[in-house]
Every structure is written in C-alpha cells, then in structure tokens.
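Okay, structure first, notes after.
What follows draws every value from the coordinates through simple rules; no lab data is involved. Source: prediction; values computed, not measured. Heads up, the Cβs are rebuilt from the backbone with ideal geometry, glycines too, and the neighbour counts pull from every protein chain shown.
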Amino acid sequence: MHDHDSHCIFCRIAKGEIPSRKVYEDEELFAFHDINPAAPVHFLLIPKQHIASMAQVTDEHAPLLGRMLALVPRLALEQGCKPFPDGGFRIMVNTGDEGGQEVHHLHLHVMGGPRPWRKG
C-alpha cells in the first residue's frame, strides 16, 4: 500500500497541493470542511496515509482508526456542534461505489448542527 496516491484528491488536499478549509492537522490526520455540506457542521476527517476505503482496513490500522474516532468529539464541538445529550453529531463512512463512496480515500463525514438537515 502506498503512503500517498498522486492522483487522489484527498491525498493532494492533505499535502496542501489543493486548497481546503482546514479544521485540523497532525502527522497522521487531516480534517477539512466539506465543499458541499449536508449539515450546518460538515467536515471530513482523513488519514494522511492513502487507504482506499473501509474495505481495505486491516488490524494494523486499528490504532489509526481509534485516533480518528477519539478526535471526532473534540473537533465536532470546536466546529459548532452542541454537546451531548441535547446536541451531538453523526459520523458516516461510505465504502465503495455501492456504499456511496465518491472519493476512494477513507474518510469520516462528521455532521451536526440544528436538526432540520437530519433525515430520520
């Protein structure tokens, strides 16, 4: 598995080659606002390492995925989600074409804000 894919838009965003509205960055992770938000708060959290989708995740990725999930609550609050239990957020991971994945680089959608955007 390659660390980066030069043709992947999310790899290029994480490397700063394509501009984004950055939310967070460290050595392994990058978060940025979705360009077509589906909620008042909507950002993506990606690993800098190129992993095509959740279907390619193995046991070796467990620490990285754990860091991603553990970071979400802090970033969601910083971006304007209200705290639990009155507030909250949704985490969505689309996997593969049939799962609605449009960019083949693992990413978590983090969405929240006032309820009218929610379906169900």
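Data overview
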{"item": "The chain: angle of helix 62-78 to the longest principal axis, Cα-based, in degrees nearest 10", "result": "40"}
{"item": "Excluding exposed DSSP-loop trypsin sites (Lys or Arg not before Pro) (at most 14 other C-beta within 10 Å), longest clean stretch of the chain", "result": "22-117"}
{"item": "Residues GLU98, GLU17 arranged by fewest to most Cβ contacts within 10 Å", "result": "GLU98, GLU17"}
{"item": "Answer label for Rg and Dmax of the Cα atoms in Å (calculated), chosen among [x] 14.1, 42; [y] 17.9, 80; [z] 12.7, 36", "result": "[x]"}
{"item": "For the chain, calculated [θ]222 nm from helices alone, where every DSSP H run of n ≥ 4 adds -39500 (n - 2.57)", "result": "-6000 deg cm²/dmol"}
{"item": "Count, lysine Cα pairs under 24 Å in the chain, 8 or more residues apart or across chains", "result": "4"}
{"item": "Computed over the chain: relative contact order in percent, which uses C-alpha pairs under 8 Å that are six or more apart", "result": "30"}
